[in-house]
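Please read the structure below before turning to the comments.
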Amino acid sequence: MKKFFSLWFPVFVYAGIIFYFSNIPGKELPSVWISDKIMHLIEYTGFGFLMIRAIDEKRRFVLRKALIYSIIIVLFYGLTDEIHQSFVPSREFSFSDLFYDCFGGLIGGLVYRWIK
């Protein structure tokens, strides 16, 4: 149980942080010096890394399969995040943001594989 908590708790906290920032109305978003797309890429790279780390620790899957499952989950979460944003004032659903979310998840998974 302790190992499960140490692996999955960071995933849920990170998902909560993503949700929190997605819930901020567009007019209240702080301005950042980098592109919105780069922000999505960075944000979901961390999420992808944590996700594959949690999936891989059980060692039930070959690392390649763990990467595929990780990307699918990150893609699904990114999709639900974009849908959620469409209900937040001055925010909208964006397929390009979803692409960068998924690409970031892939990068995070590949970084994990490289470290492993």
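Values in this text are rule-based calculations from the coordinates and carry no lab data. Treat the numbers as computed from the prediction; the structure is a model and nothing was measured. Note that we place each Cβ from the backbone using ideal geometry, even for glycine, and neighbour counts take in every protein chain shown.
Points to keep in mind about this one:
- Axial C-alpha extent at least 15 Å, average Kyte-Doolittle at least 1.0 - helices from the chain (DSSP): 2-22
- Note on ILE115 and SER6: their simple-model spin labels are 1.4 nm apart, each label 7 Å out from Cα toward Cβ.
- Amide proton proximity set for PHE93, modelled H, under 5 Å, gap of 5+: SER86
- Separation in nanometres of the label points that stand 7 Å from Cα toward Cβ, at PHE99 and ASP36: 1.4
- Estimated from helical segments only, the mean residue ellipticity of the chain at 222 nm is -26000 deg cm²/dmol, where each DSSP H run of four or more residues counts as -39500 (n - 2.57).
- When each of VAL11, VAL88, VAL74 is scored by the number of other beta-carbon atoms lying within 10 Å, the sequence from fewest to most is VAL88, VAL11, VAL74.
- Diagonalising the gyration tensor over the Cα atoms of the chain and scaling each eigenvalue by 5 before taking the square root yields semi-axes of 27, 15, 12 Å, largest first.
- Along its first, second and third principal axes, ordered by size, region 10-75 spans 45, 20, 15 Å in Cα coordinates.
- Sequence-separation-based contact order of the chain, relative, with Cα cut under 8 Å and 6+ spacing, percent: 38
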